[in-house]
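Novice: Could you have a look at this structure, given as structure tokens, before my questions?
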Amino acid sequence: MARSPTPSFDRRIVEAPLRGALWRLAWPNIIQNFVASLQGMVDHAMVGHFVGYAGNAAIGVSWQIFLVVVVFVSSLYGGMGVLVARYAGAGNTRRVNRAVYQAFLTSVVLGVGILGPLGYLLTPALLDVVNAAPSVRQEALPYLRVMFIGSIGMLLFFMLGGALRAAGDAKTPMRLGIAMTLLNLTLSVVLIRGLGPIPAFGTTGAALGTVIAGGAVSLYAIYLLFTGRMVVQFDLRREDLMPDFQVIGALFRFGLPTGFQGIVMNIGGVLLLRFIGSLPQSAAAQAAYAVGYNQLFSFVSFVGIGLMGATSAVAGQNLGAQHPERTRATPRAASGLALALSVPIGLLFLLLPTHLLAIFDLTEPAARALGIEFLGYLSVSAIFLVIALSYTGALQGTGDTKSPLYISLVSQLVLPLGLCFAFDRFSTLEAWHIWMAIVLGHVTRALLSVVRFRQEDWRNIEVDGATAADETELDPSTMVP
């Protein structure tokens, strides 16, 4: 198999001004996330028109459950990102490639052997946990089962994107992500409403489009890895293709706290859905939550996530290159960029809520009223969430993956659920109580993340000698100016 010249690591990440380094990594990811969010908007809009708001609620509920499980299975990508950033900062090409390949092997085993079959069997019980209304459950059951069975394509896409961004290449994941979204859009239009001999699958058609597009693009990306066309590549030598349990152990050692953090955050969301499901107008409230948080607020969270990934890579690579002073300044620079992008979005929530909700055909009076109210609270959350994500990225990129877990336990689980329980137990739980609990959780997460990073315990974290290039493995050609 012919191999193209391997692209080099971008040394501007550890040498050029931080804002420029962050922006070069962040903007492709932000664009990719914005384009990807259009897919969710199209799915919700089409399902809303052809199925009704029960279909919107079903997609929102299903994604909340799906992410809880997938985040844990993909937790090794957090560990992979720590290793890849350190090795790339030290210029250690072979260790970068080895870490990514071991993550690939583990993903295949977990996705095909565990997540798919167990997810299919446990879907009914998982929908019971969120107290889904009967009409919502009817739509969510086949949707969620399709997502679990076809999850391997999405896992591999997440793996590749995380590896390339940690190595300093954010443009390739953007291109692949846009291609996947365009394919997904085409499939959704056909499968949700039907076309010619193809029947209308309704809500399930949205899931089919997602898994088919993810699988197709992931197969193409794996081909690129084996042909050496990206900064990360798979070596066909036999010794590099075998499982390396030392590396796999390191992936989980750093990755499991990130996975548990994701589980905590998504369990918090699932349990909030349970509280929402207990409200008198539960279906309307679930639809408002699905559209407001999972769709419209995603424009804020994707800005934060894009900069979180960039912050993680820049902080980790500079620590690997032995520039701790640059690592210390990274999240502060990222927070400034994140606020400049997210505050205008929050203002739109305040100024144009009815127009935004109408995009998803959320015109039923009760659902629309709850949606307008919820967007007002989310406009405040936007400020604190992006700051929290910037500092979370810096902590994770330097190898401190445990602190964000503990912070999430307090801010995303104990505090908001405790408030909802208190209102439910000692008063009458209302929708605005849940919206307020979400805001207070984001405020707490931001404050704790800033305090923890400024303690600078991350200076003493070692990643198996990743800060010093191995003389037998270092490729000087990757150290480009």
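Novice: When the expected Rg is taken as 2.2 N^0.38 Å, what fraction or multiple of it is the alpha-carbon Rg of the chain?
Specialist: Ratio of Cα Rg to 2.2 N^0.38 Å: 0.95.
Novice: Let me ask something additional. What number comes out for accessible area per residue over region 214-351 if the probe is 1.4 Å? Units Å², please.
Specialist: On the way: 5070 Å² over 138 residues.
Solvent-accessible surface per residue comes out at 37 Å².
Novice: Given axes a ≥ b ≥ c from the Cα gyration tensor, I'd like to know whether region 145-199 is rounded (a/c under 1.5), prolate (a/b larger than b/c) or oblate.
Specialist: Numbers: a/c = 5.57, a/b = 1.98, b/c = 2.82.
Here region 145-199 falls in the oblate category.
Novice: Extending each Cα 7 Å along its Cβ direction at residue 241 and residue 432, get the distance between those two points in nm, one decimal.
Specialist: Rounded to a tenth, the inter-label distance reads 6.4 nm.
Novice: Moving to a separate point now. Would you give the gap between the C-alpha center of region 71-105 and the C-alpha center of region 245-259, rounded to a whole Å?
Specialist: Taking the Cα centre of region 245-259 as reference, the centre of region 71-105 is 10 Å away.
Novice: Let me ask something else about it. Among 184-191, 14-21, 140-147, 287-294, how do they line up from the highest to the lowest mean number of other beta-carbon atoms within 10 Å?
Specialist: 287-294, 140-147, 184-191, 14-21
Novice: With a 1.4 Å probe and all protein chains left in place, how much of the accessible area of region 322-371 comes from carbon and sulfur atoms, in whole percent?
Specialist: Roughly 68 percent of what the probe reaches on region 322-371 is carbon or sulfur.
Novice: For the chain, calculate the relative contact order in percent as a whole number, restricting contacts to Cα pairs under 8 Å that are 6 or more residues apart.
Specialist: Values: 857 pairs, mean separation 124.5, N = 481.
Once divided by the residue count of the chain, the mean separation gives 26 percent.
Novice: Using a basic spin-label model with each label point 7 Å from the Cα along Cα→Cβ, how many nm lie between residue 129 and residue 363?
Specialist: Inter-label distance under the simple model: 3.7 nm.
Novice: Counting only complete DSSP H runs, which helices of the chain cover 15 Å or more along their long axis at the Cα atoms and score a mean Kyte-Doolittle of 1.6 or above?
Specialist: Details: long enough: 18-50 (47 Å, 0.46); 53-73 (30 Å, 1.82); 76-89 (20 Å, 0.91); 93-110 (26 Å, 0.38); 116-129 (19 Å, 1.11); 134-149 (23 Å, 0.36); 151-166 (23 Å, 1.64); 171-193 (33 Å, 1.07); 203-226 (36 Å, 1.55); 245-277 (45 Å, 1.29); 298-320 (32 Å, 1.11); 324-351 (42 Å, 0.77); 365-397 (45 Å, 1.23); 415-426 (16 Å, 1.18); 431-454 (36 Å, 0.99).
Span-like helices, by this rule, are 53-73, 151-166.
Novice: I need the shape label for region 177-275. Rule: rounded when a/c is under 1.5, else prolate if a/b > b/c, else oblate, with a, b, c from the alpha carbon gyration tensor.
Specialist: Since a/c reaches 1.5 but b/c is at least a/b, the shape of region 177-275 is classed as oblate.
Novice: What shape does region 62-175 have by the C-alpha gyration tensor, where a ≥ b ≥ c are the square roots of the eigenvalues, rounded means a/c under 1.5, and otherwise prolate means a/b greater than b/c and oblate the rest?
Specialist: prolate
Novice: Just the accessible area per residue of region 1-134, please: how many Å² with a 1.4 Å probe?
Specialist: Working: 4770 Å² over 134 residues.
Heavy-atom accessible area per residue stands at 36 Å².
Novice: Roughly how many percent of the accessible protein surface of region 1-140 is carbon and sulfur, given a 1.4 Å probe and a whole-percent answer?
Specialist: Solvent-exposed carbon and sulfur of region 1-140 make up 67 percent of the total.
Novice: Starting at 0 and stepping by 5 Å, how many percent of the alpha carbon pairs of region 350-445 end up in each bin?
Specialist: The calculated distribution, bin by bin, is 2, 13, 18, 17, 17, 14, 11, 6, 2, 0.
Novice: Then there's this: Which residues does the label zone of residue 34 cover in region 318-352, counting backbone N under 17 Å from a point 7 Å along Cα→Cβ?
Specialist: Residues passing the 17 Å test: 337-349.
The values are calculated or read from the model by the stated rules, or taken from the named source; none is laboratory data. Model, not experiment: these values are computed from the prediction. Every residue, glycine as well, gets a Cβ built from its backbone with ideal geometry; the counts of neighbours run over all protein chains shown. Ligands, DNA and RNA are excluded from the accessible area calculation, which covers all protein heavy atoms including side chains. Shrake-Rupley method; radii C 1.70, N 1.55, O 1.52, S 1.80 Å.
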